[in-house]
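Every read-out reported here was derived from the displayed coordinates using simple, explicitly stated rules and does not represent laboratory data. All values derive from a computational prediction rather than experimental measurement. As a convention, Cβ positions derive from the backbone with ideal geometry for all residues, glycine included, and neighbour counts pool all protein chains shown.
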Amino acid sequence: MNTPAEILLVEDDPALLAGMLLNLQTEGYLITAAPRGKLALTQCETRKFDLIILDLMLPDIDGIDIIRTLRGRGDSTPILILSARGDVDVKVQGLQAGADDYMTKPFELLELLARVTAILRRRFGNTRVVTFGDVEVFPEERKILRAGKVVHLTPREFDLLNWFIQNPRQISSREFLLSEIWQAGTDATERTVDNFVMTLRKKLDNPRKPRHFITVRGFGYRFQQ
């Protein structure tokens, strides 16, 4: 099973927390919410995250102190600060404490998602390339080129693509793909799988005469290079 990136979201504003949680989950990330700093530190002791999104102005512990504590433990998890404190001194302090990026509230959702993607890309690195047709896929970097141009996929679209390229020629039912790619309890249906495959065809194949994302009538789908 392809495991989506796991993000710890540390934010004490209930409305902002709920909105970010929904949007990040929609993009396919696994989110753990922590409205308090002490809870965030406890979560980091017991679990390994791919990214921490951290508010600085928490009711119990200052966000800068959380960063220093994590780095003092040897925890190198990337940290993206989100804070209403936009003065340069605070930004410098946060970055010097060990944060990887800093965004000032209010922020645009698309910019947040782009920064999350960029941080995760740097974290996973680039060690191999999978090619089919005129497409190049860098799985660890979560980067895709088609005819030399960058193709943007959502995290869920990439997870589906990654499963296909790891299991070439295997025939998979829609039900099976749902269990592999989508979390239990989501509203995804077999029709959702069809829509995502169609999107991959549009972005990476020929949607009218697909060569790589093949429908196997009565069974499901098969990927061939």
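Derived scalar couplings between HN and Hα for the stretch 136-152 equal 10, 10, 10, x, 5, 8, 6, 10, 9, 10, 10, 6, x, 10, 5, 10, 9 Hz in order, rounded to whole Hz, by the Karplus curve 6.51 cos²θ - 1.76 cosθ + 1.60 (θ = phi - 60°), x for Gly and Pro.
Placing unit charges on each Cβ (+1 for Lys and Arg, -1 for Asp and Glu) gives the chain a dipole about its Cα centre, and among T199, Q170, G98 the Cα reaching farthest toward its positive end belongs to Q170. For F176, F219, the sequence from fewest to most other C-beta atoms within 10 Å is F219, F176. Close lysine pairs were tallied over the chain: pairs 8 or more places apart or on different chains with Cα atoms under 20 Å apart number 6.
Using the Cβ of K38 as centre and a radius below 13 Å, the other residues enclosed give a net charge of -4, where K and R count +1 and D and E count -1.
Sum up the charges of everything whose Cβ sits under 11 Å from the Cβ of D55, counting Lys and Arg as +1 and Asp and Glu as -1, but leave D55 out. Present the calculation step by step, with values, prior to reporting the outcome.
On the way: positive: R36, R85, K105; negative: E11, D12, D13, D62.
That sum, taken over residues with Cβ under 11 Å, equals -1.
Hey, with R₀ at 22 Å, roughly what FRET efficiency would T186 and K149 work out to, going by the Cβ-Cβ distance, to 0.05? Computed FRET efficiency for T186 and K149: 0.10. Under the criterion of Cα pairs below 8 Å and six or more residues apart, the relative contact order for the chain equals 15 percent. Along Cα→Cβ, 7 Å out, is where each label goes; now give me the distance between the ones at A118 and D60 in nm to one decimal. Inter-label distance under the simple model: 3.3 nm.
The H on the amide N of I79, modeled in the peptide plane, is under 5 Å from the matching H of I52, D100, D101, each at least 5 residues off or on a different chain.
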